[in-house]
Amino acid sequence: MKNLNLIFLLLISTFAGFSQDHFTGLSTSSRVGILNTYLNPAEIVNMSNKFEIDGLGMSVSVSNNKIGYSDLFSNTNLESALFKGSDPVNMNIDAEIHAIGFAMKYKKWGFAITTTAHGKMDVVDVDPKLGDALSNSGGNSLIGNSIINSNYNQRLSGTTWGEVGFTLARSLKNTKNYKLNVGATFKLLFPGSYTNMGLDKFNGTITNTGTQLYLTNTTANLNFAYSGGLANNFSNLSDYSKSVFGGLHGFSGDIGINFQWKDKSILNIKKYSNKYKINAGLAIRNIGSMTFKDPNNNSTNYTLKIQGTQSLNLNQFQNVDSAQQIETILLNSGYLTKIQSNKDFTVKLPTLFSAYADVKIISKLYVSGYIQQKLNNNNDNDQITVQNSFTITPRANFGFFEVFSPWTNNSISGLNGGIGFRLGGYYIGSGSIVTALINNSKQADIYTGFRWSFL
């Protein structure tokens with residue numbers, strides 16, 4: 001497969017405005033607005049003002065379990081670094097753009113309408129020896145015969161889709177001391193493009209003859225699925241950006257509950273002020289799926305069998321950059337047997353459970369804790385992935401100005417620490433810049449945007 005160095009550098013330079021845990025640290029701020037509803041729809045009743053218009057907001061993250069931040073700007077061959085060691089390779093590239101949104105609250109009610117574009121590329125549990133053989137000609141450590149036995153599904157996938165969300169929330173109880181809200185978001189889904197290559201229960205032998213790599217004595221279950229622009233090239237960034245919004249072919253929803261223990265000492269004062277001792281919530285998000293429909297749609301399951309004296313030359317995959325090309329090479333080899341094929345196919349959104357609490361320590365100083373847990377299996381071929389994570393964020397809120405430092409431990413890149421700032425409605429931050437500078441973290445992300453509140 002084509003060299004990954006260009007892919008990484010293009011992602012950093014092109015999306016240098018996008019986060020894996022999107023808007024880390026900002027979405028639990030007491031300056032409540034539309035961004036908080038992405039975390040919990042019940043928060044819209046807590047808006048700091050009666051109305052808010054959300055301008056352009058962007059967030060992007062590149063996280064993995066192999067490559068450090070410094071490797072991106074060195075002479076390191078990223079493919080070689082990515083497939084070193086024995087642990088399966090996991091990588092997530094996640095971009096999110098928030099377009100114009102509007103929110104309002106009236107008495108006990110809150111309402112919002114939002115538009116969001118998503119782009120994701122994932123590598124899930126790829127065996128490093130197999131990945132090295134396919135992308136790097138076995139340049140790391142493949143000498144002689146290497147036997148691979150895996151009982152899980154290895155995946156390479158890419159997805160783009162758009163959302164239009166409608167949020168409605170209501171305060172059920174609002175006393176001098178406590179407040180209890182519930183809310184829900186209903187989202188219209190517009191799938192753009194998709195590609196997936198799944199390699200399940202791979203058992204085989206890779207033989208290095210010195211000039212060629214061969215696959216022998218192999219069995220596996222394969223899935224090839226593609227739709228839209230990503231059918232032609234899964235590593236070309238323009239294919240991700242040019243077909244984000246397709247037709248309306250899916251629905252999803254979020255539900256949440258929010259509780260506040262009010263701080264009576266600062267009631268009824270100016271906007272941007274913190275009005276609670278504790279603000280906590282629970283939510284289940286991204287409940288739903290979308291169906292991809294396109295003239296070049298295809299989803300096919302195969303079995304792969306290479307037995308006896310048979311062999312497959314792996315060097316022919318070196319310049320491949322699409323699922324269709326890989327599928328064609330394997331079909332021409334004669335080692336694939338078709339099991340099932342579908343023209344249209346359905347992909348599940350990354351459903352997750354989240355909980356958080358923002359606690360006042362002293363005047364203007366708060367600490368929030370946030371945890372998210374995926375509810376689906378990332379190894380499934382019809383699943384968009386999400387990470388498990390836990391975040392602690394200390395913050396100082398001076399009203400118009402706020403500074404915060406999120407520290408997150410996630411299931412792919414481990415511990416990351418960053419810093420962010422808010423000046424009125426403008427915000428900018430990163431969940432990994434601190435650890436990237438001092439500890440060579442395996443995540444790079446940044447987010448920025450603007451929203452305008454009034455009345």
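The values are calculated or read from the model by the stated rules, or taken from the named source; none is laboratory data. What you see is a predicted model, and the numbers here were worked out from it, not measured in a lab. All Cβ positions, even for glycine, are placed from backbone atoms using ideal geometry, and neighbour counts span all protein chains on display. Side chains are part of the model used for accessible areas, which takes the heavy atoms of the whole protein and leaves out ligands, DNA and RNA. Shrake-Rupley method; radii C 1.70, N 1.55, O 1.52, S 1.80 Å.
Candidates L56, P41, T159 compared by Cα position along the dipole of the chain: farthest toward the positive end lies P41, with charges placed on Cβ.
Local charge for F259 was computed over the other residues whose Cβ lies under 13 Å away, with Lys and Arg +1 and Asp and Glu -1, and equals +2. Ranked by solvent-accessible area (1.4 Å probe, protein heavy atoms only, all chains present), the residues T351, T328 order from largest to smallest as T328, T351. Apolar share of the accessible surface for the chain: 60 percent from carbon plus sulfur atoms, 1.4 Å probe.
Couplings 3J(HN,Hα) for the range 370-378, derived from phi with the Karplus relation 6.51 cos²θ - 1.76 cosθ + 1.60 (θ = phi - 60°), are 9, 9, 10, 10, 5, 10, 10, 9, 5 Hz, where x marks Gly and Pro. Could you point to the label whose value was computed as percent of Cα pairs over 43 Å apart for the structure here, given (i) 18; (ii) 29; (iii) 51? Label (i) holds the value from this structure. Measuring from centroid to centroid over Cα atoms, what is the spacing of the range 55-121 and the range 349-368 in Å? Computed from Cα coordinates, the inter-centre distance equals 20 Å.
Close amide H partners of L56, meaning residues 5 or more places away or on another chain with modelled amide H under 5 Å apart, are F450. Taking each DSSP H run with n ≥ 4 as -39500 (n - 2.57) and averaging over every residue of the chain yields -3000 deg cm²/dmol at 222 nm.
The chymotrypsin sites (Phe, Trp or Tyr not before Pro) of the range 357-455 that DSSP puts in a loop, and whose beta carbon has at most 15 other beta carbons within 10 Å, are F398, F400. Couplings for the range 189-206, taken from phi via the Karplus curve 6.51 cos²θ - 1.76 cosθ + 1.60 with θ = phi - 60°, read 10, 10, x, x, 8, 7, 8, 8, 10, x, 10, 9, 6, 7, 10, x, 10, 9 Hz in order; Gly and Pro are left as x.
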